Amino acid sequence: DQQVKQNSPSLSVQEGRISILNCDYTNSMFDYFLWYKKYPAEGPTFLISISSIKDKNEDGRFTVFLNKSAKHLSLHIVPSQPGDSAVYFCAAKTSGTYKYIFGTGTRLKVLA
Amino acid sequence: DAEITQSPRHKITETGRQVTLACHQTWNHNNMFWYRQDLGHGLRLIHYSYGVQDTNKGEVSDGYSVSRSNTEDLPLTLESAASSQTSVYFCASSNSNQPQHFGDGTRLSIL
């Protein structure tokens, strides 16, 4: 049973516009969430995180929003750039463990 | 600079053979993880370790084993390779609650 879901396998956005990637989870015990970016033939790289005590975290062009009541996480990229084209994974964990559950990924394509 | 290295980057083998994938990290991290990435499944945890001599099963551990004899290395062994184990394998490491650092993966094909 998939505890972390990314229901959009792919997304295309024009350069300069906003990209919104979504992630839903089922386990209310998750307390820490991450987003990773992955380019072809490379490992995932950490992008941004958020703790369950917050509802927003910003880092430059990247903002993550957490809606605990809806069990929903989103990543906003503004403005989107062609170099942002990659697969994005969300991941979640519970307290007391260091292992994460990953979503299936969303492939973002930013069109120049 | 600290890093995490996987070898080989590509491997082709036959069903029934034993295969070992290497993972070496110089971050001095206590936690190490092995994942496989398959289309439609994302990253699934195979095994993980929180320190030397500690190993734990993840969600897709059948047919795989690991051992942790030192901090730096967590080799992944496929005891008897099956075609269903054709995948891209990623190793990762972390300390406590910090985000995991990933290697660049091993693409394994089992014919």
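At a probe of 1.4 Å, how much accessible area disappears from chains B and A on forming the pair, both sides counted, to the nearest 100 Å²? The summed interface area works out to 1600 Å². Averaging Cα coordinates gives a centre for the stretch A:1-58 and one for the stretch B:55-111; these two points are 23 Å apart.
Charge dipole of the protein assembly as shown (Cα centre as origin; +1 on each Lys and Arg Cβ, -1 on each Asp and Glu Cβ, all else neutral): 440 debye, rounded to the nearest 20.
The largest-to-smallest principal axis extents of the Cα set in chain B are 37, 24, 23 Å. Just so you know, the Cα atoms of the stretch A:35-112 work out to an Rg and Dmax of 13.0, 44 Å. Quantify, in whole percent, the carbon and sulfur part of the accessible surface of the protein assembly as shown (1.4 Å probe; protein heavy atoms only). C and S fraction of accessible area: 46 percent. Comparing the protein assembly as shown with the 2.2 N^0.38 Å rule of thumb, its C-alpha radius of gyration ratio is 1.02 (two decimals).
Basic side chains Lys and Arg get +1 at the Cβ, acidic Asp and Glu get -1 at the Cβ, and with that the dipole of chain B about its Cα centre reaches some 220 debye.
For the pair A:ASN27 and B:ASP38, a Förster radius of 22 Å applied to the C-beta separation gives a FRET efficiency near 0.50, rounded to the nearest 0.05.
Please tell me the relative contact order of the stretch A:14-112 in percent, rounded to the nearest whole number, where contacts are Cα pairs under 8 Å and at least six residues apart. With pairs under 8 Å counted, the relative contact order is 34 percent. Inter-chain neighbour count for A:41-52: the average number of beta-carbon atoms from partner chains within 10 Å of each residue's beta-carbon is 4.
The values are calculated or read from the model by the stated rules, or taken from the named source; none is laboratory data. Given the structure is predicted, the values throughout are model-derived calculations rather than measurements. Please note: Cβ atoms are built from the backbone with ideal geometry, for glycine as well, and neighbour counts cover all protein chains shown. Remember, those area values only see protein heavy atoms, side chains included, never the ligands or the DNA or RNA. Shrake-Rupley method; radii C 1.70, N 1.55, O 1.52, S 1.80 Å.
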